[in-house]
Amino acid sequence: MPRLPGARPSFTAWCVHCGRQTSAPVEVGVMDRGSGAPLVQYACPEDATRYGAGPSPADEIR
(Lines give C-alpha, C1' and ligand atoms only; values in the text may rest on other atoms or scores of the structure.)
Protein backbone atom coordinates (compact mmCIF):
# COMPACT_ATOMS: atom_id res chain seq x y z
CA MET A 1 0.00 0.00 0.00
CA PRO A 2 1.51 3.38 -0.97
CA ARG A 3 2.05 6.01 1.70
CA LEU A 4 0.34 9.36 1.60
CA PRO A 5 2.54 12.20 0.34
CA GLY A 6 4.31 13.82 3.29
CA ALA A 7 3.40 11.02 5.72
CA ARG A 8 6.15 9.91 8.07
CA PRO A 9 7.10 6.24 8.10
CA SER A 10 5.89 4.33 11.15
CA PHE A 11 8.29 3.73 14.05
CA THR A 12 9.63 0.20 14.29
CA ALA A 13 12.01 -1.42 16.76
CA TRP A 14 13.60 -4.81 17.40
CA CYS A 15 12.22 -6.85 20.32
CA VAL A 16 14.86 -7.46 23.03
CA HIS A 17 13.37 -10.90 23.75
CA CYS A 18 12.53 -12.60 20.44
CA GLY A 19 14.53 -10.37 18.07
CA ARG A 20 11.62 -9.73 15.69
CA GLN A 21 10.98 -6.27 14.27
CA THR A 22 7.68 -4.80 15.46
CA SER A 23 5.67 -1.78 14.36
CA ALA A 24 4.02 -1.62 17.82
CA PRO A 25 7.04 -1.46 20.16
CA VAL A 26 6.57 -1.20 23.93
CA GLU A 27 9.32 0.47 25.97
CA VAL A 28 10.51 -2.05 28.57
CA GLY A 29 13.80 -0.62 29.80
CA VAL A 30 16.41 2.10 29.64
CA MET A 31 20.14 1.54 30.05
CA ASP A 32 22.17 4.56 31.11
CA ARG A 33 25.54 4.78 29.43
CA GLY A 34 28.67 6.57 30.56
CA SER A 35 28.65 8.81 27.52
CA GLY A 36 25.93 9.65 25.08
CA ALA A 37 22.19 9.18 25.22
CA PRO A 38 20.60 6.33 27.17
CA LEU A 39 19.76 3.13 25.28
CA VAL A 40 16.01 2.50 25.19
CA GLN A 41 14.96 -1.16 25.03
CA TYR A 42 11.74 -2.21 23.29
CA ALA A 43 9.73 -5.42 23.15
CA CYS A 44 6.93 -6.58 20.89
CA PRO A 45 3.44 -6.57 22.46
CA GLU A 46 3.54 -10.37 22.88
CA ASP A 47 6.76 -10.25 24.96
CA ALA A 48 6.26 -6.91 26.76
CA THR A 49 4.57 -8.52 29.76
CA ARG A 50 7.76 -10.51 30.47
CA TYR A 51 9.40 -7.20 31.40
CA GLY A 52 6.65 -5.87 33.64
CA ALA A 53 4.89 -3.76 31.03
CA GLY A 54 1.15 -3.43 31.48
CA PRO A 55 -1.16 -2.90 34.43
CA SER A 56 0.09 -3.80 37.88
CA PRO A 57 -1.96 -4.74 40.96
CA ALA A 58 -1.47 -1.17 42.23
CA ASP A 59 -3.18 0.31 39.14
CA GLU A 60 -6.77 1.41 39.57
CA ILE A 61 -9.21 -0.29 37.22
CA ARG A 62 -12.11 1.89 36.09
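The values are calculated or read from the model by the stated rules, or taken from the named source; none is laboratory data. Keep in mind it's a predicted model, so treat the numbers as computed, not measured. Every residue, glycine as well, gets a Cβ built from its backbone with ideal geometry; the counts of neighbours run over all protein chains shown.
Quick look at the numbers
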quantity: Test for Ala43: is it at pLDDT 90 or above, small (Gly, Ala, Ser) and surrounded by 11 or more Cβ atoms within 10 Å (Cβ to Cβ); calculated: yes
quantity: Meets criteria (in a loop (DSSP other than H, G, I, E, B) and at pLDDT 90 or above) for Gly19; calculated: yes
quantity: Residue count for region 22-45, restricted to those that are part of a loop (DSSP other than H, G, I, E, B) and touching an Asp or Glu at 6+ places or on another chain (Cβ under 7 Å); calculated: 1
quantity: Ser10 vs. criteria loosely packed, with under 10 Cβ neighbours inside 10 Å, in contact (Cβ under 8 Å) with a residue 12 or more places away in the chain and either part of a loop (DSSP other than H, G, I, E, B) or in contact with a Pro (Cβ under 8 Å, 6 or more places away or on another chain) (or both); calculated: yes
quantity: Region 1-39, residues that are out of contact with any Ser or Thr (no Cβ under 8 Å at 6 or more places or on another chain) and of a type in the set (A, V, I, L, M); calculated: Met1, Leu4, Ala7, Val16, Ala24, Val26, Val28, Val30, Met31, Ala37, Leu39
